[in-house]
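Enquirer: Next up is a structure, given as structure tokens.
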Amino acid sequence: MATKAETPWWTWAAPIAAWVILLTALAFGVGTLMAALAGAALIVTVFAAVHHAEVVAHRTGEPYGTLVLAVAVTVIEVALIVSIMISTPGGKVELARDTVFAAVMIVCNGIVGICLLSGGARHHEQGFHIQGASAALAVLAALTVLTLVLPNVATTAPGPFFSPSQLVFAAVVSLLLYGSFVFVQTVRHRDYFLPVDRKNEDAHARPPSNRTALISAGLLVAALVAVVGLAKSLTPTLETGVAWLGVPEAVVGIVIAGLVLLPEGLAALRAAQANRLQTSLNLALGSALASIGLTIPAVAALSIGLNRQLELGLNGKEQILLALTLIVGVITLGTGRTTVLQGIVHLVIFAAFLFFSIVP
């Protein structure tokens with residue numbers, strides 16, 4: 001969460017610079033120098049956007065804070081996916097699947113793993129509410145299987161595709177599950193997602209003023225739009241780089257997911273190091289749920305509206321990694337206490353995901 005009520009100069013300068021670079025790229029095209037500037041501006045603006053989301057989140061408090069941050073990050077992800085799908089002739093039918101799956105693996109193994117390892121190394125053993133973690137994992141398991149595995153065995157359309165009616169069903173189910181989780185997290189059982197030690201919850205600075213929060217909300221919107229525009233302008237450069245390296249196109253999805261999740265991962269890591277593991281898990285698991293629950297409906301609507309196919313089904317290797325992630329996640333978060341061992345296990349799974357994505 002944000003630790004200062006003041007707005008650092010770079011958090012408002014980054015969106016302005018991003019808009020200047022974006023308008024310049026639109027007017028004169030994207031050369032080598034412009035691509036480098038756009039890439040740097042995009043990364044800094046993503047951090048600025050998440051900072052402003054954290055300020056708004058800090059004002060609203062837990063667990064609303066982590067929810068605001070997760071939704072903001074997911075909006076960036078959805079916008080990047082949609083902009084790339086629209087801007088490419090082939091429609092990138094597999095991009096949404098690759099990005100969502102990468103987000104799940106990065107969050108559930110990469111972010112969770114480094115948080116458990118770092119927090120465990122510093123505090124030996126950390127606690128959290130089992131009820132909250134179990135609720136998140138249950139929804140995550142249902143979402144991933146219904147949207148990323150079921151297309152391979154449904155028979156109305158040849159796998160790994162859904163028919164239009166099945167896409168609508170998947171979109172509705174995704175929204176229903178995510179909406180239900182948000183209701184439980186923020187209203188019905190809010191206490192399941194509050195820090196175990198309330199003293200740690202109040203250890204950071206006092207919440208920002210309403211004026212500061214409103215300014216951050218406006219800058220957040222400006223940053224999000226700039227990120228989408230820059231990402232769209234950099235799409236050809238990214239694809240050229242992937243082709244030059246000779247790696248599978250699925251790496252594009254990993255790059256997108258890693259880009260938008262990096263700042264949130266750092267926020268989760270800071271929370272774990274401060275012995276606020278509940279907040280860390282809220283950030284991580286909440287972003288994974290938002291990634292699927294909001295991305296699938298958005299790209300499904302785009303697919304139906306533009307009459308483009310949408311490849312959602314995972315291949316056999318990816319299904320095994322997903323199953324392993326869910327099983328280990330249930331075991332790891334099933335006791336309410338974690339140590340460095342669980343972190344190491346998740347990081348090994350994450351390393352396997354990265355390795356077999358580059359060397360399939």
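Each reported figure results from applying straightforward, stated rules to the coordinates on display, with no laboratory input. This is a predicted model, so every value here is computed, not measured. Neighbour counts run over all protein chains shown; Cβ positions are idealised from the backbone, glycine included.
Enquirer: Considering the alpha-carbon set of segment 237-353 alone, what are its Rg and its Dmax in angstrom?
Expert: Calculated on Cα positions, Rg and Dmax stand at 16.8, 49 Å.
Enquirer: Can you classify segment 314-358 as rounded, prolate or oblate using the Cα gyration tensor, where a ≥ b ≥ c are the square roots of its eigenvalues, rounded means a/c under 1.5, and otherwise it's prolate if a/b beats b/c and oblate if not? Walk me through the numbers on the way to the answer.
Expert: Numbers: a/c = 5.11, a/b = 1.70, b/c = 3.00.
Cα axes put segment 314-358 in the oblate bin.
Enquirer: Fewest to most neighbouring Cβ within 10 Å: what's the order for 212, 155, 74? Mind dumping the intermediate values first?
Expert: Values: 212 20, 155 7, 74 26.
By the 10 Å Cβ count, ascending, the order reads 155, 212, 74.
Enquirer: If you don't mind, there's one more thing I want to ask. Roughly how many nanometres apart are two label points built 7 Å out from the Cα toward the Cβ at residue 60 and residue 168?
Expert: Once both label points are built, they end up 3.1 nm from each other.
Enquirer: Then there is this: Length gain on complete extension for the stretch residue 187 to residue 26, per 0.36 nm per residue less the alpha carbon to alpha carbon distance?
Expert: On the way: separation 161, 0.36 × 161 = 57.96 nm, distance 4.46 nm.
Going from the current span to full extension adds 53.5 nm.
Enquirer: Grab the beta carbon distance between residue 123 and residue 211, set R0 = 30 Å, and tell me the FRET efficiency rounded to 0.05.
Expert: Efficiency, from the Cβ-Cβ distance: 0.25.
Enquirer: Let a ≥ b ≥ c be the square roots of the eigenvalues of the Cα gyration tensor of the chain; is it rounded (a/c under 1.5), or, if not, prolate (a/b larger than b/c) or oblate?
Expert: It is oblate, given that a/c is not under 1.5 and a/b is not larger than b/c.
Enquirer: Still on this structure: Counting other C-beta atoms within 10 Å, which of 128, 193 has the fewest, and how do the rest follow?
Expert: Placing the least packed residue first, the sequence is 128, 193.
Enquirer: What does the extension gain come out to for residue 239 and residue 320, with contour length at 0.36 nm per residue minus their alpha carbon separation?
Expert: 26.4 nm
Enquirer: A further question on this structure: What is the order of 33, 143, fewest Cβ neighbours within 10 Å to most?
Expert: 33, 143
Enquirer: At 7 Å along the Cα-to-beta-carbon direction for both residue 309 and residue 175, put a label point, then send me their distance in nm to one decimal.
Expert: Using points 7 Å along Cα→Cβ, the separation is 2.7 nm.
Enquirer: Let me check against my output: what whole-number percent is the relative contact order of the chain, with C-alpha pairs under 8 Å and at least 6 apart?
Expert: 38 percent
Enquirer: Helix by helix, which DSSP H runs in the chain go 18 Å or more along their axis at the Cα atoms and have an average Kyte-Doolittle hydropathy of 0.5 or more?
Expert: The qualifying helices are 9-28, 32-60, 64-87, 130-144, 164-183, 210-245, 250-273, 277-306, 316-332, 340-358.
Enquirer: Pop a pseudo-label 7 angstrom from the Cα along the beta-carbon direction at both residue 130 and residue 16 and give the gap in nm to one decimal.
Expert: Placing both labels 7 Å beyond Cα along the Cβ direction yields 5.3 nm.
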